[in-house]
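FYI, it's all coordinate maths here, none of it is from the lab. All of these numbers come straight from a predicted model, not from anything done at the bench. Here the Cβ positions follow ideal geometry from the backbone for every residue, glycine too, while neighbour counts run over all protein chains shown.
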């Protein structure tokens, strides 16, 4: 997020600025394929947060968590709903959408809750992931 997180320069002080891929591509499926990925599994931690009605009343920000939630609701979530992002996400082989509830995916204090939500959302997809690996492996190495 520009103006929220400082992009590091590599090499330090004189190099190029590197930013979170979410600025350019929230779900970088095409970039992963361009880099040679045979299988792309996307994890969308923002989708669950946009399903409820948006409350336009004045809000009170009394903690850092409230601030991150406000940013995510008003900046990240509307961006996540764009048609181009949805199309790229749909090009992933598998999309895992953890139920993160109202936890902000950018508030690192919630990481244990988010990791657990990710594990719970992934477990039912393990067989599909294994099958996809078998299919890709057999087709890729069939000519060797």
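Spin-label model, residue 86/residue 99: points 7 Å from Cα along the beta carbon direction are separated by 2.3 nm. Residue separation of residue 30 and residue 134 scaled by 0.36 nm, minus their Cα-Cα distance, works out to 35.3 nm of gained length.
With R₀ fixed at 22 Å, the C-beta to C-beta distance from residue 9 to residue 108 puts the FRET efficiency at about 0.45.
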